[in-house]
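Any read-out appearing in this document is the output of simple, stated calculations on the displayed coordinates, not a laboratory observation. Remember, it's a predicted structure, so these values are computed and weren't measured experimentally. Note that we place each Cβ from the backbone using ideal geometry, even for glycine, and neighbour counts take in every protein chain shown.
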Amino acid sequence: MAYYRLYLLNDTERIFDCQAIERDSDDAAVLAAAVPGVHSPAVEIWAGARKVAHLTAEQLDSQRASLALLGLFRRAGRTVPQRVGSTSRDANDA
């Protein structure tokens, strides 16, 4: 487990609140910033003196939507679909 700080930023990118969290990985800390209880135009995630991420409001909204979809799939007992995208084979076939 690692300790992280979530700095909640206002519209002018100034810190207005800080939350300390403990997570297993950087990815888990970034996901924690997207939970519905965090209301901020932007968030910075730090692990000690290392900046892990800077998330804008749009990125936070996108992560919240992804988390909501994941929750719907899990509640329905369904497998989460894999990311859809072009593969190198698709590009060669074109």
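Peptides 15-22, 56-63, ordered by how many other C-beta atoms sit within 10 Å of their residues on average, highest first, read 56-63, 15-22. For the range 1-53, the relative contact order comes to 43 percent (Cα pairs under 8 Å, sequence separation of at least 6).
Within the shell defined by Cβ-Cβ distances under 15 Å, the residues around I45 carry a net charge of -3, with Lys and Arg each +1 and Asp and Glu each -1.
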